[in-house]
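Novice: Got a structure for you, written out below as structure tokens; questions coming shortly.
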Amino acid sequence: MSELAFKRGSSFRRRVAYTPGDNEPATLVDTTIASEVRTPGGTLIATLVVEKNGDNLGFTVKAPLGTATWPLGVAYWDIKFTFPGDDIKFTDTTSIEVLREVTQCQS
């Protein structure tokens, strides 16, 4: 499991390059991608938006509603791929340590 420290209130946006595995399509054409952030108990924190790159070789995952209300502490994140033919694969889970923001002034 990989780990990520993240400040609550920051924009959550990650660019991901697609590297096909064995018996997986060469590109993400006709592939559905979904992603969520959840508490260790399984409560949904955020449904993330996935935008594929024009070349279908990568994508961006982002939290459209921001992260200001994300609970402090540990959260878990992964990405689900549904390939043509309904083959499903998940990425490894990433543990996110959601940290309290320090600077709170309005800019």
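Novice: Does Ile45 meet the test of being in a strand (DSSP E or B), modelled with pLDDT of 95 or more, over 22 Å from Ala5 (Cβ atoms) and in contact with a strand residue (DSSP E or B) (Cβ under 7 Å, 6 or more places away or on another chain)? Quick ask: steps written out before the conclusion?
Specialist: Details: in a strand (DSSP E or B): yes; modelled with pLDDT of 95 or more: yes; over 22 Å from Ala5 (Cβ atoms): no; in contact with a strand residue (DSSP E or B) (Cβ under 7 Å, 6 or more places away or on another chain): yes.
No.
Novice: Now for a separate question. Could you please tell me which pairs satisfy a Cβ distance under 6 Å, a separation of 6+ or placement on different chains, a first residue in region 20-34 that is on the phi > 0 side of the Ramachandran plot, and a second residue that is assigned to a loop (DSSP other than H, G, I, E, B)?
Specialist: Correct list of pairs: Asp30/Pro84.
Novice: Let me ask another. Where residues in region 55-107 are among the hydrophobic types (A, V, I, L, M, F, W, C) and part of a loop (DSSP other than H, G, I, E, B), which of them is surrounded by the most Cβ atoms within 10 Å (Cβ to Cβ)? Reasoning before the result, please.
Specialist: Kept after step one, since they are among the hydrophobic types (A, V, I, L, M, F, W, C), are these residues of region 55-107: 57, 59, 61, 63, 65, 68, 70, 72, 74-75, 77, 79, 81, 83, 88, 90, 96, 98-99, 102, 105.
Applying the additional criterion that residues be part of a loop (DSSP other than H, G, I, E, B) yields 57, 63, 65, 68, 70, 72, 102, 105.
Details: Leu57: 15, Ala63: 19, Leu65: 13, Ala68: 9, Trp70: 22, Leu72: 11, Val102: 6, Cys105: 4.
Only one residue fits best here, namely Trp70.
Novice: On to the next question. Check whether at least one residue in region 23-30 is hydroxyl-bearing (Ser, Thr, Tyr) and either within 27 Å of Glu97 (Cα to Cα) or part of a strand (DSSP E or B) (or both), and report yes or no. First the steps, then the outcome.
Specialist: Just the residues of region 23-30 that are hydroxyl-bearing (Ser, Thr, Tyr), to begin with: 27.
When the remaining residues are screened for being either within 27 Å of Glu97 (Cα to Cα) or part of a strand (DSSP E or B) (or both), the result is none.
No: zero hits.
The values are calculated or read from the model by the stated rules, or taken from the named source; none is laboratory data. None of the values given here were measured: they were computed from a predicted structure. Note that each Cβ is placed from the backbone with ideal geometry, even for glycine, and that neighbours are counted across all protein chains shown.
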